[in-house]
Amino acid sequence: MRNYSGYLIAENEVAIKISYAYMSIVDEAITKCMVVSQSAEHVLGFVGVGKIVGVGFGVSNVREGDRVIVYADHNGVAETIHTANKDSVIVFNAKEFNDLEALIIATLSVSRHLLDTVKGANVLIVGNDLSIVPFAYVSQLNASKVYIVPSHTLWHDIIKGEHVSIYDEKPICDIVILSTYDPIILSLVSRIAKKEFTLIIHPGLMSLLKIFGYNLSNVLIKPIRFGDIGSGISIYKELKDSITHRMRLLSAFDYIERRVHPSVVNMQNL
């Protein structure tokens, strides 16, 4: 996390005063050295919400004062002032949602097209990140069968399914939804998938698949795509009461001391 007293804006960039940042499974993996960041100095925070405070030359899609959602690109977003390319921000001025709700919606805004792939399938859901919640919700409505590995999956009253062990060898699922860096899961999950299956994984964990030698000839790998705000809003409205009281809201200093995941860091008091 980083606190700025000033900032520079390049062409086609915007400056965002971040109010809240979401600490995802990728941030946890980086802090535990399971995933290597692209730079020696890496700011955490997978997605943030805040207000535009400056626009660079060539920017016309947003203006100062807009509330926006921004996803991490080469670096995280947990900065008091975060600069980003104009194309990586999404305007979110809906007054019915406050900034914290906007952030949660952003984490749930998985592409509806990707969510639709679970319809009629046998789905295995594993992970401790909010990115699996939309898949769990849609799977419970439309999938043929839903499985979870309870010891490696959060919120069992929301993410419901038949309990399975990662050490089983019975091929039961067509689609695996994965948001974990756990090496045991990454090594063994294919044993309970059918010979040819689809693996939908958090984009920040894609690099780990090479380490664990996935056979690309029989696995269709799809990174989770975010930014479908309409989808995020509809899922948030359905699960609001179940999610909001569970999300840990921490100050930046509390997060540094405890590093709780998943959590939201309040950047407003820095």
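The values are calculated or read from the model by the stated rules, or taken from the named source; none is laboratory data. Everything numeric in this text was worked out from a predicted model, so none of it was measured. All Cβ positions, even for glycine, are placed from backbone atoms using ideal geometry, and neighbour counts span all protein chains on display. SASA here: full protein model, heavy atoms, side chains in, ligands and nucleic acids out. Shrake-Rupley method; radii C 1.70, N 1.55, O 1.52, S 1.80 Å.
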Original post:
Does any residue of the range 155-174 turn out to be surrounded by 20 or more Cβ atoms within 10 Å (Cβ to Cβ), assigned to a strand (DSSP E or B) and in contact (Cβ under 8 Å) with a residue 40 or more places away in the chain?
Top reply: yes
Original post:
Given the range 188-270, what helices (runs of 4 or more DSSP H) lie entirely inside it while holding 3 or more residues that are of a type in the set (Ser, Thr, Tyr)?
Top reply: 229-244
Original post:
Of all the helices (runs of 4 or more DSSP H) wholly in the range 75-147, which have at least 1 residues that are buried (at least 24 other Cβ atoms within 10 Å of the Cβ)?
Top reply: 99-108, 133-142
Subject >> Positions within the range 181-192 being at pLDDT 90 or above and open to solvent by 10 Å² or more (accessible area, probe 1.4 Å), in sequence order >> reply: 181, 182
Subject >> Residue within the range 13-34 that is in a loop (DSSP other than H, G, I, E, B), out of contact with any Pro (no Cβ under 9 Å at 6 or more places or on another chain) and under 25 Å from residue 234 (Cβ atoms) present >> reply: no
Original post:
Quick one: which of 200, 229, 233 is buried (at least 17 other Cβ atoms within 10 Å of the Cβ) and touching a Lys or Arg at 6+ places or on another chain (Cβ under 6 Å)?
Top reply: 200
Original post:
Given 263, 251, which one is surrounded by 14 or more Cβ atoms within 10 Å (Cβ to Cβ) and either among the charged types (D, E, K, R) or under 17 Å from the mean Cα position of the chain (by Cα) (or both)?
Top reply: 263
